[in-house]
Amino acid sequence: MIVEDEFLVALQLEDIILDCGYEVVATVPDMASCSAICDAPAVALVDLNLRDGPTGPLIAKMLSERYGTRIIYVTANSGQIGDPAETALGVVHKPFSRAAIEDAIAYALDETRTLRRPFELQQIEQVAFARVA
């Protein structure tokens, strides 16, 4: 599944996914479009800032909770992830390479867990905010 509002980026991701022999179950540009999802996606490539604002993290959490979808954030703004989805595997930073997306998807779908984490699939750095009294 692709969660991306920029048409050309979504098209590029779709080409990569299809060339790898996988199926794209949906491409959604915003939260409202998620209601049309019919099939549970195994993996979702999720941008953060979408057509309706910074709803990518909410969509990722919804996919994670509802379907157990493995989340790969694809963004230039990883600091905006906040609290990542439970099934989040990491971040591929924009601009991305074809190989980065191919390797991240292969890693996400590796049920045997024998593949090493791809270099370009970076760990999510959680930023903790402390309340000052």
### Task
For residues that are surrounded by 15 or more Cβ atoms within 10 Å (Cβ to Cβ) and either among the hydrophobic types (A, V, I, L, M, F, W, C) or assigned to a strand (DSSP E or B) (or both), tally how many sit in region 1-38.
16
### Message
Residues that are farther than 21 Å from Q122 by Cβ and without any contact (Cβ under 8 Å) to a residue 40 or more places away in the chain: does region 67-84 have at least one?
### Response
yes
### Residue check, M62 in contact with a helix residue (DSSP H, G or I) (Cβ under 9 Å, 6 or more places away or on another chain), surrounded by fewer than 19 Cβ atoms within 10 Å (Cβ to Cβ) and either at pLDDT 95 or above or of a type outside the set (V, I, T) (or both)
yes
### Task
Name the single residue, out of those in region 12-29 being under 17 Å from T69 (Cα atoms) and free of Cβ contacts under 8 Å to residues at least 40 places away in the same chain, that is farthest from the chain's Cα centre (by Cα).
E23
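The values are calculated or read from the model by the stated rules, or taken from the named source; none is laboratory data. Predicted, not measured: the structure shown is a model, and the values here were computed from it. Don't worry about glycine lacking a Cβ; one is built from the backbone with ideal geometry, like all the others, and counts go over all protein chains shown.
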